[in-house]
Amino acid sequence: MKCSQTRAIQTHMITYPHLNFHKTLFGGQLMAWLDETAGLSAVRVSRAAIVTASVDHLDFLAPLKANHSVCIDAYVSGVGTRSMEIFVKVIGEDLFTGERYLAGTCFMTFVVPKGASLPDTIEPETKEEQFICQGYDARKQFRQAKRQESINLAKHIDLDIPWN
């Protein structure tokens, strides 16, 4: 399967309800849009009910300002047996000047239910896709180590909440 066959794109105008105190896009809103767009990409490759397993790496590179647009472009960058990695890029645009800028990048992992099948490989076509996909194995190893670290951490977390 080609990366382009898994691509999902959403564009939104940044307006008042989406702003934070700095009059830029609230990060939580962007994260919701990222999850939705990446989830579409994950379903395109799996054709199954997917679950977000992790936001592996999210970098906010530039603020997205009021009255700009944000384009979220996602595609599958690697597949395992039951999980897949989605690369998402966030492109801002000043609608009055037409200037575009990279506002963020993100890697997310989605899991499919037992019995669902994923393709053996993802085929990158563009130079960007080739660059992103070539790092999949190293990122997967890092994710697995971080997951084990999180499991160990969870063993030491107190569930009692001190109410004041």
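The values are calculated or read from the model by the stated rules, or taken from the named source; none is laboratory data. Note that the coordinates shown come from a computational prediction; the quantities given were computed from them, not determined experimentally. For neighbour counting, all protein chains shown are included, and Cβ atoms are generated from backbone atoms with ideal geometry for every residue, glycine included.
The condition of being under 20 Å from Ile9 (Cα atoms), β-branched (Val, Ile, Thr) and in contact (Cβ under 8 Å) with a residue 24 or more places away in the chain holds for only one of Val111, Val43, Val76, that being Val76. For the range 114-145, residues that are basic (Lys, Arg) and free of Cβ contacts under 8 Å to residues at least 24 places away in the same chain total 1. Here Ser83 fits the description: among the polar types (S, T, N, Q), out of contact with any helix residue (DSSP H, G or I) (no Cβ under 6 Å at 6 or more places or on another chain) and closer than 26 Å to Ala116 by Cβ.
Of the strands (runs of 3 or more DSSP E) lying entirely inside the range 36-140, those containing at least 3 residues that are hydrophobic (A, V, I, L, M, F, W, C) and surrounded by 22 or more Cβ atoms within 10 Å (Cβ to Cβ) are 68-79, 83-94, 100-111.
Which pairs do you get when a residue that is farther than 23 Å from Ala53 by Cα, found in the range 148-164, comes within reach of a residue that is hydrophobic (A, V, I, L, M, F, W, C) and assigned to a loop (DSSP other than H, G, I, E, B), reach meaning Cβ atoms under 8 angstrom, with the pair 6+ apart or on two chains? Going by the 8 Å Cβ cut-off, there are no qualifying pairs. Checked against (1) at pLDDT 95 or above; (2) closer than 15 Å to Val45 by Cβ, Thr121 passes all but condition (1). Restricting the first member to the range 13-33 and to residues that are free of Cβ contacts under 8 Å to residues at least 40 places away in the same chain, and the second to residues that are assigned to a strand (DSSP E or B) and among the hydrophobic types (A, V, I, L, M, F, W, C), the beta-carbon pairs closer than 6 Å and six or more apart or on different chains are His18/Leu25; Trp33/Ile72. Within the range 1-30, the residues that satisfy the criterion of being surrounded by fewer than 16 Cβ atoms within 10 Å (Cβ to Cβ) and either part of a helix (DSSP H, G or I) or hydroxyl-bearing (Ser, Thr, Tyr) (or both) are Ser4, Gln5, Thr11, Thr15, Tyr16, Pro17, Gly27, Gly28.
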